[in-house]
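Engineer: Sharing a structure here in structure tokens format.
What follows draws every value from the coordinates through simple rules; no lab data is involved. Fair warning: this is a prediction, and the values are worked out from it, not measured in the lab. Note: ideal-geometry Cβ built from the backbone for every residue, glycine included; neighbour counts use all protein chains shown.
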Ligand SMILES: [Zn+2]
């Protein structure tokens, strides 16, 4: 009998943080091609962020449009996050958007679709409203330079709302989350593979291919992050899949 190659069978995976590029002005992929890529790598569910370039899903109409495209073309289930920025003025649409979404994504830091930094205080009205609309659906934080402890003290401590800190790139953030978890606050933190396996040094040789939001960390910090992940102090690995056009 021929010897079978060694194989490991694991459950299908869930990616809580992807940026599929449809709809929008970035044509690097479609929902169809992105979901097929995920399926072929063993993902049974992916969760799509709201800041589509040129067409952020910050309105009910766009949210429905995205869901319609997912329904028609995706190979796997795709969940979506609602978006609400201080300038998007979508409070009246948010109740229905909340029903269609698995969480709220808040961009306090500069990134695709958001060209400025915000303070935690800029988002308090939005978080308070989300807490009333969807108390069981997490607030996902892209924090930028905003103060992490100030964010947590409002969303998790004052509102008691489940809060997830996306894509950490520094051990100090993990230590803050460790501490507030010990106090019983509902906070989790995630990390992306590139913040463990690549370092800020790679920018010298790879240029814009190694430029990330948040940026790659110094080697000593990537080693600490790897250790914290191995010790179970980081809750989840999220891909931050976000193809850019060449
Ligand atoms: Zn992201």
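Engineer: Using only the alpha-carbon atoms of segment 1-73 as identical scatterers, what base-10 log of I(q)/I(0) does the Debye formula give at q = 0.23, 0.27 Å⁻¹?
Structural biologist: Each listed q maps to, in turn, -1.06, -1.32.
Engineer: Here's something else I'd like to know. Taking the Cα atoms of segment 128-246, report the difference between the largest and smallest coordinate on each principal axis, in whole Å and largest first.
Structural biologist: Each principal axis gives a Cα extent; for segment 128-246 these are 47, 33, 21 Å.
Engineer: For Cα pairs less than 8 Å apart in space and 6+ apart in sequence, what is the mean separation divided by the residue count of the chain, i.e. the relative contact order in percent?
Structural biologist: Once divided by the residue count of the chain, the mean separation gives 17 percent.
Engineer: Quick check on the chain: helices-only [θ] at 222 nm, where DSSP H runs of length 4 and up contribute -39,500 (n - 2.57) each and the sum goes over total residues. Nearest 500, please.
Structural biologist: So the helix-based figure for the chain works out to -9000 deg cm²/dmol.
Engineer: While we're here: How do 84, 153, 12 rank when sorted from fewest to most other Cβ atoms within 10 Å of their own Cβ?
Structural biologist: Neighbour counts put them in this order, fewest first: 12, 153, 84.
Engineer: How much FRET efficiency would the formula 1/(1 + (r/R0)^6) give for residue 200 and residue 36, where r is the Cβ-Cβ distance and R0 is 22 Å, rounded to 0.05?
Structural biologist: After rounding, the FRET efficiency stands at 0.10.
Engineer: I want the antiparallel fraction of DSSP beta bridges within segment 105-246, as a percent rounded to 5.
Structural biologist: So the antiparallel bridges in segment 105-246 amount to around 10 percent.
Engineer: Label points 7 Å out from Cα along the Cβ direction at residue 233 and residue 116: separation in nm?
Structural biologist: Rounded to a tenth, the inter-label distance reads 3.6 nm.
Engineer: Full-extension gain between residue 92 and residue 25, please, as 0.36 nm times their residue separation minus the C-alpha to C-alpha distance.
Structural biologist: On the way: separation 67, 0.36 × 67 = 24.12 nm, distance 2.62 nm.
Full extension of this stretch gives 21.5 nm more.
Engineer: Can you tell me the length gained on complete extension of the stretch residue 175 to residue 153, counting 0.36 nm per residue apart and subtracting the Cα distance?
Structural biologist: So the chain would gain 6.4 nm between residue 175 and residue 153.
Engineer: Continuing with the same structure: Work out, step by step, the length gained on full extension between residue 44 and residue 211: first 0.36 nm times the residue separation, then minus their alpha carbon distance; give nm to one decimal.
Structural biologist: Fully extending the segment from residue 44 to residue 211 adds 57.2 nm.
Engineer: Taking the Cα centre of each part, how many Å lie between segment 67-84 and segment 166-215?
Structural biologist: 26
Engineer: Among DSSP beta bridges lying fully in the chain, give the percent that are antiparallel, nearest 5.
Structural biologist: 5
Engineer: For segment 13-237, count all C-alpha to C-alpha pairs, find those more than 32 Å apart, and express that count as a whole percent of the total.
Structural biologist: Here the long-distance tail beyond 32 Å is 16 percent of all Cα pairs in segment 13-237.
Engineer: Another question, if that's okay. Assuming R0 = 30 Å, can you tell me the calculated FRET efficiency for the pair residue 6 and residue 223, based on Cβ-Cβ distance, to the nearest 0.05?
Structural biologist: 0.55
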